[in-house]
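Read-outs throughout are calculated quantities, based only on the coordinates presented, and are distinct from any laboratory measurement. This is a predicted model, so every value here is computed, not measured. Ideal geometry is used to build each Cβ from the backbone, glycine not excepted, and the neighbour counts take in all protein chains shown.
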Amino acid sequence: MMVTELVKTENQYLTAFRSVRELSPTAPWLELVRSGAIDRFEQLDFPTVRDEEWKYTNLAPLAKEGFQPAVARADAALASIERFTYPETTGAHLVVVNGFLREDLSTRMGLDDIVAIDLFSAVADARYNKITRKYLARNANYRDNGLSALNTAFLQSGVFLWIPKGVKLETPLQISFISDTKVSNSASFPRLLVVAEENSSATLIESFVSNGDDSHFTNAIAEIVVKDGARLEHYRLQNENRKVYHIATTAAELGRASSYDATSINFGAQLARHDISVVMDHEGAECWVDGLYVAGANQHTDTHSVIDHKQPHCTSHQLYKGILDGNARAVFNGKIFVREGAQKTDAMQTNKNLLLSAQARVDTKPQLEIYADDVKCAHGAAVGQIDEEELFYLQARGLNPELGRSLLTYGFAEEVIGKIKIDSIRTQLDEVVLNHLQAKLEA
Amino acid sequence: MLEIRNLHAGIDGNEILKGINLTVRKGEVHAIMGPNGSGKSTLAKVLAGHPQYEVTAGEVLYEGKNLLEMAPDERAREGVFMAFQYPIEVPGVSNAQFLRLAYNEQRKHRGEEELDPLEFKDLLKERAKVVEMDASFMSRSVNEGFSGGEKKRNEILQMAVLEPKLAVLDETDSGLDIDALRVVAGGVNQLLTPENAVILVTHYQRLLNYIVPDYVHVLAGGRIAREGGKELALELEEKGYDWITSLDASKTGAGAPAN
């Protein structure tokens with residue numbers, strides 16, 4: 001029985017891949033990449049808990065489910081896109097549904113200076129062929145990662161974002177990746193390639209949400225290239241419905257004296273896994289890799305990060321916080337490499353977890369590997385509960401215990417939320433962290 | 001306002017308070033003094049309802065109601081306030097947010113309308129003058145990175161905002177330099193009215209130079225060993241606590257329960 005099911009799973013992705021080839025022919029080099037990728041997926045399959053990187057996150061249920069890859073652009077109307085829109089973007093909002101960019105739902109106010117188009121079309125466009133070929137599938141390696149391979153094989157749309165040299169994008173650009181679960185039991189493979197040219201600057205919001213309450217498998221990749229002197233502020237917000245499997249990779253490479261400020265917020269999905277990597281192979285780059293995960297009953301959230309200091313004089317800051325309630329389970333694995341010769345590296349990593357129930361559990365593993373001798377590195381991890389003395393203090397000021405706990409939880413999250421520069425995101429997150437307190441905390 | 005009768009209390013099975021009797025009427029300032037370990041802070045914490053302290057006998061009536069049956073937050077909403085000896089830091093929550101929340105919880109409890117952020121800002125500005133705190137303290141996280149003196153001032157600011165009927169100040173003078181002591185004591189004096197009462201828990205007499213008590217109670221070994229007016233504090237300052245403890249030993253030598 002088990003065996004039949006497994007065979008069926010493999011077949012469903014392989015079968016769907018044949019449709020991909022038929023429906024979306026592309027440039028020979030990308031055909032090669034896609035077929036290479038499906039071959040790798042066939043060999044690697046979904047990772048299992050025997051894989052060190054997946055020790056605490058079991059994908060067996062996902063592998064068994066009969067998710068059907070979305071292989072064609074749907075044209076179904078989507079009710080009130082506005083509910084997913086952050087007002088600060090003032091109309092710079094691209095909408096991707098089940099992996100396919102929907103021009104009809106997107107608005108492009110204030111994007112005249114940049115290129116924000118369908119990635120698959122960009123490959124075929126003489127203007128962008130070279131650059132997409134250079135950077136696509138370069139930082140998100142599919143050769144030893146079955147899930148990245150699967151995403152790469154299903155590359156039929158996605159978003160290509162190109163910020164030309166010296167362009168400073170004034171308003172934030174939002175890309176919403178919507179899982180339309182009305183297409184029942186579907187799988188989608190959102191793909192984003194960002195190239196921020198020299199001395200450009202931009203703010204990007206990636207928002208992952210669901211339309212509908214049914215199950216879905218999201219397998220997303222964002223590849224990000226920040227060139228010399230460029231600055232990118234990147235918010236990644238994952239708030240999919242509680243039946244979704246959300247697997248994602250963010251892979252960034254930084255140029256000389258560039259700056260990449262990433263904040264990843266994970267609230268939704270039944271199982272969420274985010275791999276984020278930042279490669280600093282040029283001097284003087286600086287990155288922030290911060291995040292917050294909040295999980296309640298029957299949710300599993302897993303963050304794996306790799307910060308790779310390959311050249312001297314780079315700085316990385318990392319703060320990840322987790323709030324876990326019910327029987328939630330969280331995994332944090334943060335690796336920092338300081339390669340030989342990467343002198344004057346300044347690397348700081350902190351992971352703090354707040355457990356609100358006795359059943360919640362977190363496995364945290366900060367990992368520092370240093371091969372240079374003149375560096376400043378620190379890392380730490382903590383797991384704790386609401387402090388009884390703090391709670392008593394709040395009670396002694398008239399706050400009932402429930403309100404006191406909420407306030408302390410809010411305060412715990414604020415270290416991450418407070419640094420977000422977009423008000424509507426901050427407000428939304430405060431609300432999610434403690435909806436019943438929200439109205440009272442505007443002081 | 002407050003009636004403590006034969007109060008016995010302790011922590012982890014060790015009895016610290018061994019029969020306290022104390023009556024506080026409105027408009028009065030009481031000083032509780034005593035050497036380290038005499039039970040002064042325990043008394044303050046028991047009145048505030050600290051969960052680690054267990055009351056084993058006796059009763060405490062607050063405005064005729066059984067205080068010991070009330071949860072700590074209920075006591076606070078009913079007008080009992082304790083200024084902490086070691087105020088707790090609450091990272092990520094601004095002073096202004098926290099104070100407005102506490103203030104509004106109390107108003108709700110009294111059936112009054114809550115203040116919106118702007119209204120509260122005005123009130124806070126007014127009350128902050130009592131302890132000479134400037135606006136920058138309001139946007140900072142509660143007590144986080146505050147100096148010892150700033151924390152104590154912040155406690156009195158909370159008192160100024162919440163306007164308790166009964167304030168218990170637990171060693172509010174400890175760790176204060178002379179200027180900070182003057183500010184803190186001045187704040188408390190401004191808040192005194194004929195309608196409220198203050199219990200000052202202190203080791204040293206010097207606070208009482210600024211806040212003049214109506215009564216001084218000296219604790220020793222979990223009991224009130226001596227009571228008197230403000231002159232008792234001066235006598236203590238002169239003779240030291242040994243005087244009380246030796247007195248206590250000779251007085252109670254026969255009647256003290258065997259340990």
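In order along segment B:202-215, phi translates into HN-Hα couplings of 8, 8, 10, 6, 4, 4, 6, 5, 9, 10, 8, x, 7, 9 Hz, rounded to whole numbers, per the Karplus curve 6.51 cos²θ - 1.76 cosθ + 1.60 with θ = phi - 60° and x for Gly and Pro. Annotation: peptides A:346-358, B:4-16, ranked by per-residue average of other Cβ atoms within 10 Å with the highest first, follow the order A:346-358, B:4-16.
Each Cα pair under 8 Å and six or more residues apart adds its sequence gap; the mean of these over the residue count of segment A:108-224 is a relative contact order of 31 percent. The residue among A:Pro366, A:Ser35, A:Cys377 whose Cα reaches farthest toward the positive pole of the charge dipole of the protein assembly as shown, with charges on the beta-carbon of Lys, Arg, Asp and Glu, is A:Ser35.
How much mean residue ellipticity at 222 nm does chain B get from its helices, if each DSSP H run of length 4 or more adds -39500 (n - 2.57) and you divide by all residues, to the nearest 500 deg cm²/dmol?
Values: 10 runs with 101 residues, N = 259.
Only helices count here, giving -11500 deg cm²/dmol.
Toward the positive end of the charge dipole of chain A, with +1 on the Cβ of Lys and Arg and -1 on the Cβ of Asp and Glu, the farthest Cα among A:Asn145, A:Ser179, A:Tyr245 is that of A:Asn145.
Cβ-Cβ distance of B:His109 and A:Asn58, R₀ of 51 Å, FRET efficiency by 1/(1 + (r/R0)^6): the value works out to about 0.60.
Hey, got the dipole for segment A:113-180? About the Cα centre, +1 on K and R Cβ, -1 on D and E Cβ, debye to the nearest 20? Kindly include the intermediate steps, with their values, before the conclusion.
Values: 8 positive and 6 negative charges, 89 e Å.
So the magnitude is around 420 debye.
Normalising by the residue count of chain A, find the relative contact order in percent from Cα pairs under 8 Å and 6+ residues apart. Kindly include the intermediate steps, with their values, before the conclusion.
Numbers: 1107 pairs, mean separation 41.5, N = 443.
Computed over chain A, the figure is 9 percent.
Looking at segment A:1-100, none of the GluC sites (Glu not before Pro) sits in a DSSP loop with at most 12 other Cβ atoms within 10 Å of its own Cβ. By the compact-protein rule of thumb, 2.2 N^0.38 Å, the alpha-carbon radius of gyration of segment B:1-90 corresponds to a ratio of 1.05.
Close amide H partners of A:His216, meaning residues 5 or more places away or on another chain with modelled amide H under 5 Å apart, are A:Val244, A:Tyr245. Between the C-alpha center of segment A:375-392 and that of segment B:151-227 there is a gap of 33 Å.
Just how far, in whole angstrom, is segment A:189-268 from segment A:77-125 if you go by their alpha carbon centroids? Centre-to-centre (Cα) distance: 14 Å.
Restricting segment B:67-171 to trypsin sites (Lys or Arg not before Pro) that sit in a DSSP loop and have at most 11 other Cβ atoms within 10 Å of their own Cβ leaves B:Arg110. Computed on the protein assembly as shown, the Cα convex hull volume stands at 195 Å³ per residue. Please list the non-local residues whose amide H lies under 5 Å from the amide H of A:Ser277, H modeled 1.01 Å from N, same-chain partners needing a gap of 5 or more. Here the answer is A:Thr250, A:Ala251, A:Ala252, A:Val306, since their amide H atoms fall under 5 Å of that of A:Ser277. Cα-based values for segment A:374-433, radius of gyration first and Dmax second, are 15.2, 52 Å.
Considering helices alone, the calculated mean residue ellipticity of chain A at 222 nm is -7000 deg cm²/dmol, with DSSP H runs of length four and up weighted by -39500 (n - 2.57) and normalised per residue. With Cα atoms defining each centre, segment A:322-366 and segment A:39-70 are spaced 23 Å apart in the structure. The charge dipole of segment B:2-252, taken about its Cα centre with unit charges on the Cβ of Lys, Arg, Asp and Glu (plus for the first two, minus for the last two), comes to roughly 220 debye. If you count Lys pairs in segment A:114-218 whose Cα atoms are under 29 Å apart, skipping same-chain pairs closer than 8 places in sequence, the total is 4. Remark: relative contact order (chain B) = 26 percent; criterion is Cα-Cα distance under 8 angstrom and separation of 6 or more residues. Charging the Cβ of each Asp and Glu at -1 and of each Lys and Arg at +1, and nothing else, the dipole of chain A about its Cα centre rounds to 600 debye. The three principal axes of the C-alpha atoms in segment A:138-251 carry coordinate ranges of 44, 33, 20 Å, sorted with the longest axis first.
Which shape class applies to segment B:2-252: rounded if a/c is under 1.5, otherwise prolate when a/b exceeds b/c and oblate if not, where a ≥ b ≥ c are the square roots of the Cα gyration tensor eigenvalues? Don't jump to the answer; show the numbers that get you there.
Details: a/c = 1.93, a/b = 1.48, b/c = 1.30.
The shape class here is prolate.
Peptide B:89-101 has a mean shielding of 6, counted as Cβ atoms of other protein chains within 10 Å of each residue's Cβ.
Site pair A:Glu82 and A:Thr48 shows an inter-label distance of 5.1 nm when each label is modelled 7 Å from Cα along Cα→Cβ. When the charge dipole of segment A:2-282 is built from unit charges on Cβ atoms (+1 for Lys and Arg, -1 for Asp and Glu) and taken about the Cα centre, the candidate among A:Val159, A:Ala126, A:Ala230 whose Cα reaches farthest toward its positive end is A:Ala126. Per residue of B:102-115, other chain Cβ atoms within 10 Å of the residue Cβ number 2 on average.
What per residue convex hull volume, in Å³, do the alpha-carbon atoms of segment A:2-282 yield? It would help to have the intermediate numbers written out before the result.
On the way: hull volume 34.1 nm³, N = 281.
Cα-based convex hull of segment A:2-282, divided per residue, equals 121 Å³.
For A:Val159, the residues whose modelled amide H falls within less than 5 Å of its own, excluding neighbours fewer than 5 places apart on the same chain, are A:Leu119, A:Arg191, A:Leu192, A:Leu193.
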